[in-house]
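Contents: one structure, followed by commentary.
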Amino acid sequence: MLLRHTTKDIKERKSLTINPAKTCQPVGAMYAALGIHGCLPHSHGSQGCCSYHRSALTRHYKEPIMAATSSFTEGSSVFGGQSNLIQAIDNIFTIYEPEVIAVHSTCLSETIGDDLTQIVEKARDGGKIPEGKHVIFCNTPSYIGSHVTGYSNMVSGMVKLLSKSTGVTNDKINLISGWVEPSDMREVKRMANLMGANFTLFPDTSDVVDAPQTGSYEMYPKGGTTIPDLIASGDNKATLAFGKWATEDAAIKLENKCKVPFEATELPIGVRATDRFIMELSKLAEVGIPEAITAERGRLVDMITDMQQYLHGKRVALFGDPDQLIPLVEFLLDMNMKPVYIVSGTPGKKMHKRLEELLLPTVPEAKFQNGKGADMYLLHQWIKNEGVDLLIGNSYGKYIARDENIPFLRMGFPILDRVGHSYFPTLGYMGGLRILEKILDLIMDKQDLESSEPEFELVM
Amino acid sequence: MSTDNKTNMFPDSSDLIEEILNKYPSKVAKKRAKSLVTNDPEIDQEIQSNIRTIPGIITQRGCCYAGCKGVILGPTRDIINIVHGPIGCSFYAWLTRRNQTDAGPDGENYMNYCFSTDMQDTNIVFGGEKKLEEAIREAYEIFKPHSIGVFSTCPIGLIGDDVHAVSRKMKEELDINIFGFSCEGYKGVSQSAGHHIANNGIFKHVVGLNNTDPGGKFKLNLLGEYNIGGDSFVLEKYFEEMGITLVSTFSGNSTMSQFENAHMADLNAVMCHRSINYIAEMLEKKHGIPWIKINFIGADATAKSLRKIAKYFEDEELMAKTEEIIAREMLEVQATIEDVKSRTEGKLCMMYVGGSRAHHYQELFGEIGMRTISAGYEFGHRDDYEGRKVLDSIKIDADSRNIEELDIVKDEANWRDDLVAKKTSLEDKGYGFSEYEGMMPDMEKNSLVIDDISHWETEKLIEYYKPDIIGAGIKEKYVIQKYGVPLKQLHSYDYGGPYAGFKGAVNFYNDIDKMVNTKIWGLIPPPWKNEPELVAKMADTAY
Ligand code: SF4
Ligand code: SF4
């Protein structure tokens, strides 16, 4: 047994987190920053954080993840990191020549109390920021929230420091993307283009962290939202933010700053969340929903009607982030599956409320917890008390899956041991088909592996 | 550079160095210039190393905490390691180094778990000592471990939580071994400071707790071997066959009870000099146990190291057994070399990794005829480059001064006069103890030695040398492969290995052969690249 010390007996823990279902803010900020074209993320703290965040993202994407660090020493920790950051900005623009540097703080610089606004001002006054180049920044103390909060903070930073309103409104909408894969961002663009919408998507990591092999390395690949587009986001007529935990704050800030009205939806995962997303998109962009989209939806519903008998009543345990988990739970329920255990390290009372709404009517026995005390150790203990037929979560779930012999679907961050998530979306109706295909594969493969010889069958 | 020559002298790299430095602001250029050295094995050359990374430079380095918790304490399975800090530091060190361990079907093994106090903002404001205390208590109540380690991260150091005081208090309350490490990420300039802090902590709190004789005729500690990809498992088999008792390994496939007993060994064999020489030296000072430098990366190096260990024990039967193992294992080694070398000979490699691997792996590449055109460490010190002879001349700067040097006194009750005498008599016969010559004397003339390489330097080196393969870490892997150059991860072995010992050497030759000779690199340009009439004129679509 890999997790041989995990017991059925659940003791209350107030201070010890075991096997967390979250990580820290800066990694989210770093990922969001990669969705700006020509951007070099910068970690303001000791170099360890930066090294860890780059490694985590590199392992997840199997792609170059570049970022610089302020490389604090004990001295900077005592006297503050101002000179480190100013020197870093100077060096980065001279050596690595990005269009924009996106600085995020770390626990260390936050605890010291470094004031990023003032330091960046100082760098500007000192002529360290070349003409036409930009430095944006956000605060990402990891003792608040989770990696999702960090993503959200960096997206808000883009709005705060770049978006401008000229007073002339564009016939364009903003699509603010939650923390999803480059494949998902590509899929959202495909759907929006299919509908004829005129939009700016930000951040946009497609063509950044899924760059093709060409035999030459581009430090700043062709993808990412451009700075002019980000600036112009303040002139767009409306905003659709999808994935509330990661984007709603930015949408609110954009409304406050530039009077751009917004709608925030859940991530378009599964049938109904995608329905709501498509309808909002249609309304805000003032475009119709084409037959092609209706047909995609039809294909997804068709596969569910054909296959739901194999899924009906299957008990599912999930861990990950609120933006993914909420629509995923709704999707599983629509397929008559039973999401019985749900855990997220990301805090926020809204998640509990929304899950209650979704689960109470049909799966009243479901247990769910987020924020404090909600870790994978607890999830595993629940599973030990009463088993499940499917586990969904990031790569760390494989230890539970193997110990308990549960089919395991990798979704979320980080996925360290498989590929595909960068290229095949789980958003939209087509993404729904992929999720369904994967779940079916897992459940049917288990049946094929474990059925007796007389019961082993060819056809479905 | 042409890659078909097998013996030609490397070109003088001064134009490359100049091009690299030209891009830097002058202050940066001045600093970096001292860390780039065109090697000449005939003369003594100084390389600047173990100094702080310049802010804004994209570096490979991690932090002190990573070196302490991740590297040294990471591979020990029967201790609960609680990271005191916000969640991230603990999360990223969770199963991300490939230390395998074998606890048997029901031995204690906490390595698959991640423990954290998950500090929240109120804890940062009001202090987290109470929370840490409670976390230790909870861990004890749930798991009943016999040891708990506590690791302090950057914000903890700043708010001034005393992990040592809390550990002492809880040790008394729970009556198990509990100890803390002040390994905040800002200490020192790299992982290296964390190695030192970990060495100190284990030596202070664990080594020497158990005086039971581990038994056996020849008792050995293996130091600086971390069982990445199962390396230790390979070596353990050789020792077993030789009749050597492996008292402890620091720290691959290890347990706390091994450490407690480590002072009962007759010899310390040091593999990674950078990360563990401190314990070797402290064991000698306190107990009189001598140490030797060995290396099990490379078949020849393995044979040499096994012979050196056998020779120390001055036992005919042991030496005969050792020769038997070497002769047996070399058959497969030689057969593989013969096959692989025809495809790898004359190819060029570069390595930027760790504090000893960049040196050790040159042997393996050399055995299949590949030449190291450039190499450097991520967190090495001058002695790892230039040899221990420079130890006395190394200036201790402000960043290193704060790392404690333990004051070690002789333990009269557990002092090995016999080993001290043995050392003297063997030395008279020319047997070398406490020696490490470093990497640079082993490298070819005009090869380029670089400490703490930056991303910019890596790019320039690839353009200039066009190497056939590079050895580095995960952060570099996909950058370098985008250039069409394969990268072998030398921290995690790309999830392959083991690479230690004879078996490991054979694995490595085959893996490198596969990487440098894979057909996929030839498929990078699309077949229509030179047929413009086939390329659409349409602009890119929006998705
Ligand atoms: S110190 Fe904070 S930012 Fe850095 S790795 Fe730890 S939790 Fe994350
Ligand atoms: S906060 Fe400090 S200890 Fe934690 S990863 Fe960052 S540098 Fe290392």
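Considering only the stretch B:292-350, state which residues are charged (D, E, K, R), outside any helix (DSSP H, G or I) and under 30 Å from B:Met282 (Cβ atoms). Matches in the stretch B:292-350: B:Lys293, B:Glu314, B:Asp315.
Scoring B:Val37 on the criteria (1) within 15 Å of ligand 1 (Cβ to nearest atom); (2) touching a strand residue (DSSP E or B) at 6+ places or on another chain (Cβ under 6 Å) leaves a single failure, condition (1).
Take the stretch B:120-150 and flag every residue that is among the acidic types (Asp, Glu) and within 16 Å of ligand 1 (Cβ to nearest atom). Scanning the stretch B:120-150 gives a single hit, B:Asp121.
Just give me the residues in the stretch B:76-94 being of a type in the set (A, V, I, L, M, F, W, C) and facing chain A (nearest Cβ under 10 Å), in sequence order. Even if it seems obvious, please write down each step before you answer.
As a first pass, look at the stretch B:76-94 and keep what is of a type in the set (A, V, I, L, M, F, W, C): B:79-80, B:82-83, B:87, B:89, B:91, B:93-94.
Answer for the stretch B:76-94, where residues must be of a type in the set (A, V, I, L, M, F, W, C) and facing chain A (nearest Cβ under 10 Å): B:Ile80, B:Ile82, B:Val83, B:Ile87, B:Cys89, B:Phe91, B:Ala93, B:Trp94.
For the stretch A:163-179, indicate whether the set of residues that are buried (at least 20 other Cβ atoms within 10 Å of the Cβ) and within 14 Å of chain B (Cβ to nearest Cβ) is non-empty. Within the stretch A:163-179, one or more residues are buried (at least 20 other Cβ atoms within 10 Å of the Cβ) and within 14 Å of chain B (Cβ to nearest Cβ). Taken across the stretch B:99-114, residues that are at the interface with chain A (Cβ under 8 Å from one of its Cβ atoms), in contact (Cβ under 8 Å) with a residue 12 or more places away in the chain and within 19 Å of A:Glu12 (Cβ to Cβ) do occur, with at least one present.
Residue check: B:Cys183 meets all listed conditions (1) within 13 Å of chain A (Cβ to nearest Cβ); (2) closer than 21 Å to B:Arg77 by Cα; (3) away from ligand 1 (no atom under 16 Å from the Cβ) but one, namely (3). Of the residues that make up the stretch A:59-71, is at least one over 12 Å from B:Ile57 (Cα atoms), within 13 Å of ligand 2 (Cβ to nearest atom), facing chain B (nearest Cβ under 8 Å) and touching a strand residue (DSSP E or B) at 6+ places or on another chain (Cβ under 6 Å)? There is no residue in the stretch A:59-71 that is over 12 Å from B:Ile57 (Cα atoms), within 13 Å of ligand 2 (Cβ to nearest atom), facing chain B (nearest Cβ under 8 Å) and touching a strand residue (DSSP E or B) at 6+ places or on another chain (Cβ under 6 Å). B:Lys410 passes every criterion in (1) in contact (Cβ under 8 Å) with a residue 40 or more places away in the chain; (2) touching a Phe, Trp or Tyr at 6+ places or on another chain (Cβ under 8 Å) apart from (2). A single member of A:Asp441, A:Asp403 is of a type in the set (Asp, Glu), farther than 30 Å from B:Tyr92 by Cβ and in a helix (DSSP H, G or I), and it is A:Asp441. Scanning the stretch B:158-171 finds one or more residues that are over 18 Å from B:Ile79 (Cβ atoms) and facing chain A (nearest Cβ under 9 Å).
Just checking, how many residues over the stretch A:189-240 are touching a helix residue (DSSP H, G or I) at 6+ places or on another chain (Cβ under 9 Å), not basic (Lys, Arg) and not in a loop (DSSP other than H, G, I, E, B)? The total comes to 16.
Note on the stretch A:136-162: residues that are outside any loop (DSSP other than H, G, I, E, B) and more than 12 Å from chain B (Cβ to nearest Cβ) total 15. Just one residue in the set A:Lys22, A:Lys14 is within 16 Å of ligand 2 (Cβ to nearest atom), within 18 Å of A:Tyr143 (Cβ to Cβ) and facing another protein chain (nearest Cβ under 7 Å); that residue is A:Lys22. One residue alone among B:Thr153, B:Thr117, B:Thr96 is touching a residue at least 60 places away in the same chain (Cβ under 8 Å), within 16 Å of ligand 1 (Cβ to nearest atom) and of a type in the set (Ser, Thr, Tyr), and that residue is B:Thr153. Residues in the stretch A:26-41 that are more than 8 Å from chain B (Cβ to nearest Cβ) and either at pLDDT below 95 or within 16 Å of ligand 1 (Cβ to nearest atom) (or both): A:Gly28, A:Ala29, A:Met30, A:Tyr31, A:Ala32, A:Ala33, A:Pro41. Residues of the stretch A:11-55 that are surrounded by fewer than 24 Cβ atoms within 10 Å (Cβ to Cβ), touching a Pro at 6+ places or on another chain (Cβ under 8 Å) and not in a loop (DSSP other than H, G, I, E, B): none at all.
Counting only residues that are within 18 Å of A:Asn91 (Cα to Cα), part of a helix (DSSP H, G or I) and free of Cβ contacts under 8 Å to residues at least 24 places away in the same chain, the stretch B:7-32 holds 8 of them.
The set of residues in the stretch A:77-122 being at the interface with chain B (Cβ under 7 Å from one of its Cβ atoms) and within 15 Å of ligand 1 (Cβ to nearest atom) consists of A:Ser77, A:Cys107, A:Leu108, A:Thr111, A:Ile112. Residue pairs whose Cβ atoms lie under 9 Å apart, separated by 6 or more positions or on different chains, with the first residue in the stretch B:51-65 and more than 7 Å from chain A (Cβ to nearest Cβ) and part of a loop (DSSP other than H, G, I, E, B) and the second among the β-branched types (Val, Ile, Thr) and within 14 Å of ligand 2 (Cβ to nearest atom), are B:Ile51/B:Val189. Every residue in the stretch B:124-137 that is free of Cβ contacts under 8 Å to residues at least 24 places away in the same chain and buried (at least 20 other Cβ atoms within 10 Å of the Cβ), please. Selection gives B:Lys131 alone.
The set of residues in the stretch A:210-265 that are farther than 20 Å from A:Lys283 by Cβ and without any contact (Cβ under 8 Å) to a residue 12 or more places away in the chain comprises A:Pro212, A:Gln213, A:Thr214, A:Gly215, A:Ser216, A:Glu218, A:Pro228, A:Asn256.
The values are calculated or read from the model by the stated rules, or taken from the named source; none is laboratory data. Computed from a prediction, not measured in an experiment: that's the story for all the values here. No Cβ is skipped: glycine too gets one built from the backbone with ideal geometry, and neighbour counts run over all protein chains shown.
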